[in-house]
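Coordinate-derived values only; no laboratory data. Given the structure is predicted, the values throughout are model-derived calculations rather than measurements. Please note: Cβ atoms are built from the backbone with ideal geometry, for glycine as well, and neighbour counts cover all protein chains shown.
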Amino acid sequence: MAASRSKVLVTGGAGLIGSHIVDLLFGKGYPVVILDNLNPQTHPAGKPDWVHHEAEFIQGDVRNERDVAKSLEGVRYVVHQAAFGGFTEAVSEYFDVNVNGTARIFEVIRSRRLPVEKIVVASSQAVYAEGAYECPKDGPQFPAPRTRAEEGNWEVPCPRCAGPLRPLPTPETKPLAGETPYALSKEFEERFSLAAGRDLGIPVAALRYAVTYGPRQSLFNPYTGVVSIFSTRIQNQLPPHLYEDGRQTRDFVYVEDVARANLLALEHSGIRDAAFNVGTGRSTSVGDLASNLAVIYGKKISPEFSGDFRTGDVRHIVLDPGKIRSFGFEPKVSLEGGLRRVAEWIASQGEIKEYFGEAYKRLREKRIIRSRG
């Protein structure tokens, strides 16, 4: 791949992951064009100052044919990060942005016979729903999403013997089982992208991200980004709100590591025509995350346990990144180190407001958040 002569389109290039990818691309000599709609919920002040000054910036929408066609002029590689996510009541928007927006990109490439040579698409661990588990009696298990959360049965039982399960790192071979609008939209997005790539003869890699966090994560969007949501609560002397009992576990991966995985996928000829997990392989409870953030911020604030839960949420998932590791990927930033970098960045942002409280009320009204019993 001729790094110094090949233009790259990064959709969602003003966002958390996209902007870090843009920085890496410029560091390696790629000219970059950004297509971003600057959604006011995420970017209320317009284009953020971290957008690389040398990037060709197009404020537009991946659903708009004219915007997509303009952004693809002279482009050889596409890193597609634009997405609609989080837990919200805007069900149709997940599919409109994540599925239709992705289809629009391939549609324009096909109709205009554009010489695109590779596409990297952002997928999500949400496509798995629950992660992989092991039963002491029945061995490895891939259980279906929980059905008894309203009774306070947070842990997932073995689907064979109903006994306890131990979470395992989740490989790409686990059957996809997501049922939320977001999960389904990302599954359709990655499946369509891989199929369209095969049809057009364009190598496509779909990267299934673990929970990504880091500097530039929106401090204004109360529906997505647990580290930023907890941080804004703590900085306003409010307790982080934990669903269930706070012992659910996730794989938290630092944004620069995710950006490096995208660059590797773009440049490595072997990373193609399949989905790849991008995570650390390490498990952390959401309760421990909240407590660690309070210590880092120097606040004596304990998390708030309400017993509430979100419909469609999973209990345990940590990704097995072995497949992409075989091509040279290795996460470099520890969770503590990454959280400290977030805290330093937030300290540089001036006064921080808290938006989760009002959003929480709306989500309860819509029964996206429910109470046990």
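Angle of helix 335-347 to the longest C-alpha principal axis of the chain, folded into 0 to 90 degrees and rounded to 10: 80°. Based on alpha-carbon atoms, the Kirkwood radius and the radius of gyration of region 254-373 give Rg/Rh equal to 1.04. Computed log10 I(q)/I(0) for region 327-373 at 0.28, 0.32, 0.34 Å⁻¹: -0.97, -1.10, -1.14, from the Debye equation with unit scatterers placed on every C-alpha and solvent omitted. Relative to the globular-protein estimate of 2.2 N^0.38 Å, the Cα radius of gyration of region 140-275 stands at 1.28.
By the Kirkwood approach, averaging reciprocal distances over each pair of separate Cα atoms, region 7-370 gets a hydrodynamic radius of 20.9 Å. Inter-part distance, region 336-360 to region 206-248, computed on C-alpha centroids, equals 9 Å. What range in the chain is the longest one free of GluC sites (Glu not before Pro) that are in a loop by DSSP and have at most 16 other Cβ atoms within 10 angstrom? Counting only loop sites that pass the neighbour cut-off, the longest clear stretch is 180-350.
For the chain, the longest principal axis of the Cα atoms and the long axis of helix 286-296 meet at an angle of about 80 degrees. Relative to one another, the C-alpha centroids of region 104-171 and region 286-310 are positioned 26 Å apart. In order along region 226-239, phi translates into HN-Hα couplings of 4, 5, 6, 5, 4, 5, 5, 5, 4, 5, 9, 6, 10, x Hz, rounded to whole numbers, per the Karplus curve 6.51 cos²θ - 1.76 cosθ + 1.60 with θ = phi - 60° and x for Gly and Pro. Cross-link pairs exceeding 30 Å in C-alpha to C-alpha distance, out of K137/K174; K7/K353; K186/K300; K118/K332, comprise K7/K353; K186/K300.
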